[in-house]
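The values are calculated or read from the model by the stated rules, or taken from the named source; none is laboratory data. Keep in mind it's a predicted model, so treat the numbers as computed, not measured. Neighbour counts run over all protein chains shown; Cβ positions are idealised from the backbone, glycine included.
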Amino acid sequence: MTRAIIDEDGRVVCESCEVAGTPLARMRGLLGRKSVAAGEGLLLPRAWSVHTFFLAFPIDVVFLDRGLHVRAVVSGVRPFRLVVRPGFGSVLELAAGEAERVGLRPGSSLAWRD
């Protein structure tokens, strides 16, 4: 199941966000995909690091606290990299360039669109 994520101004940040709710889904992440389209993303709950080993494309990595506030944005993470930010609640993975396109910055507040 996918849902949309919006920012504090009601702008859509991720039109189709998938939640990796199981340990296996979190471990698999975006592996096996050829790309992530604009407007798509993957939320990894209870995560404070991601790797792009064996990923075929770069991604933007957005670290969130438990209240879905953006704490850090790492843009254009290339394959075979590790990004770690201890102490954060979850990670949102987006296509490279999406964080800038939708205006995500530390301090942005996000919410699920119902």
Exercise. Any residue in segment 64-77 that is surrounded by 20 or more Cβ atoms within 10 Å (Cβ to Cβ) and in a loop (DSSP other than H, G, I, E, B)?
Worked result: no
Exercise. Residues of segment 66-99 being among the charged types (D, E, K, R), in contact with a Gly (Cβ under 9 Å, 6 or more places away or on another chain), at pLDDT 95 or above and over 13 Å from Cys14 (Cβ atoms), which ones?
Worked result: Arg71
Exercise. What are the residues in segment 6-33 that are at pLDDT below 90 and under 17 Å from Gly97 (Cβ atoms), if any?
Worked result: Leu30, Arg33
Problem set entry | segment 84-93, residues that are crowded, with 17+ Cβ neighbours inside 10 Å, in a strand (DSSP E or B) and of a type outside the set (S, T, N, Q) | Val91, Leu92, Glu93
For this session: Return the pairs, sorted by first residue and then second, in which the second residue is acidic (Asp, Glu) and assigned to a loop (DSSP other than H, G, I, E, B), the first residue lies in segment 83-109 and is closer than 21 Å to Thr2 by Cα, the beta carbons are less than 6 Å apart, and the residues are 6+ apart or on different chains.
Result: Gly89/Asp65; Ser109/Glu8
Problem set entry | Hits in segment 22-46 (condition: within 14 Å of Pro79 (Cα to Cα) and more than 12 Å from the chain's Cα centre (by Cα)) | Leu31, Gly32, Arg33, Lys34, Ser35
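This table checks each residue for (1) under 21 Å from Gly107 (Cα atoms); (2) surrounded by fewer than 19 Cβ atoms within 10 Å (Cβ to Cβ); (3) of a type in the set (Ser, Thr, Tyr).
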| position | (1), (2), (3) |
| --- | --- |
| Ala4 | yes, yes, no |
| Glu8 | yes, yes, no |
| Ala20 | no, no, no |
| Arg28 | no, yes, no |
| Leu44 | yes, no, no |
| Phe54 | no, yes, no |
| Ile59 | yes, no, no |
| Val62 | yes, no, no |
| Phe80 | no, yes, no |
